[in-house]
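Asks: Got a structure for you, questions after.
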Amino acid sequence: LHQAAYMAALSNGAESECEVLVEKIIDIVCKQCDPNGRFLEQTNDEWVDIGQGELVKTRVRDLLMAASPASQEQYQNQPQETSQMSTTEPLPSDRTQVSSS
């Protein structure tokens with residue numbers, strides 16, 4: 001969702017455009033989906049709604065970067081926490097999740 005536009009804006013140094021795209025993604029998930037979605041993050045054995053603030057913006061940016069073809073290989077070769085956006089039930093290894101309420 002908007003990944004190509006985000007990468008183009010990032011490569012052109014258009015940080016304000018990147019921010020608009022991140023906010024647009026959050027708005028789509030949280031306000032335009034039917035039912036509305038939310039962003040969840042796993043802490044220990046519990047899923048916590050992380051709202052729509054700066055933490056979500058950071059997670060969306062991270063996911064956009066991880067999804068870029070240019071960084072796919074590099075991202076996969078580095079040990080990192082797993083982040084996912086999904087409307088399905090979370091897998092045990094997932095740390096960030098989008099959920100429909």
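Asks: Using the Karplus curve 6.51 cos²θ - 1.76 cosθ + 1.60 with θ = phi - 60°, what ³J(HN,Hα) values do you get for each residue of segment 54-69, in whole Hz, with x for Gly and Pro?
Replies: Couplings: 4, 4, 5, 4, 4, 5, 5, 4, 4, 5, 4, 5, 5, 7, 5, x Hz.
Asks: Quick one: length gained pulling residue 58 to residue 1 fully straight, 0.36 nm per residue minus the C-alpha distance?
Replies: So the extension gain works out to 18.9 nm.
Asks: Amide H neighbours of residue 40 under 5 Å, counting only residues 5+ apart in sequence or on other chains, H built in-plane at 1.01 Å?
Replies: Close amide H contacts, sequence-distant or interchain: 50, 97, 98, 99.
Asks: Ignoring ligands, DNA and RNA, what percent of the accessible area of segment 8-61 is carbon or sulfur (1.4 Å)?
Replies: The computed percentage sits at 45.
Asks: Using amide H atoms built 1.01 Å from N in the peptide plane, name the residues 5+ places from residue 33, or on other chains, whose amide H lies under 5 Å from its own.
Replies: Amide H to amide H, under 5 Å and 5 or more residues apart or across chains, residue 33 pairs with nothing.
Asks: Using only the Cα atoms of segment 1-76, build the gyration tensor, take square roots of its eigenvalues as a ≥ b ≥ c, and label the shape rounded, prolate or oblate: rounded if a/c is under 1.5, else prolate if a/b is larger than b/c, else oblate.
Replies: Cα axes put segment 1-76 in the oblate bin.
Asks: Set Lys and Arg Cβ to +1 and Asp and Glu Cβ to -1, take the dipole of segment 1-63 about its Cα centre, and tell me which of 56, 8, 40 lies farthest positive.
Replies: Going by the Cα projections, it comes out as 8.
Asks: Of the peptides 38-45, 60-67, how do they stack up when ordered by the mean number of other Cβ atoms within 10 Å, highest first?
Replies: Packing proxy ranking, top to bottom: 60-67, 38-45.
Asks: How long are the three semi-axes of the equivalent ellipsoid of segment 1-41, in whole Å, if each is the root of 5 times an eigenvalue of the C-alpha gyration tensor, listed from largest down?
Replies: Here the semi-axes work out to 23, 9, 8 Å.
The values are calculated or read from the model by the stated rules, or taken from the named source; none is laboratory data. Fair warning: this is a prediction, and the values are worked out from it, not measured in the lab. Ideal geometry is used to build each Cβ from the backbone, glycine not excepted, and the neighbour counts take in all protein chains shown. These area figures cover heavy atoms from the full protein model, side chains too; ligands, DNA and RNA do not enter into them. Shrake-Rupley method; radii C 1.70, N 1.55, O 1.52, S 1.80 Å.
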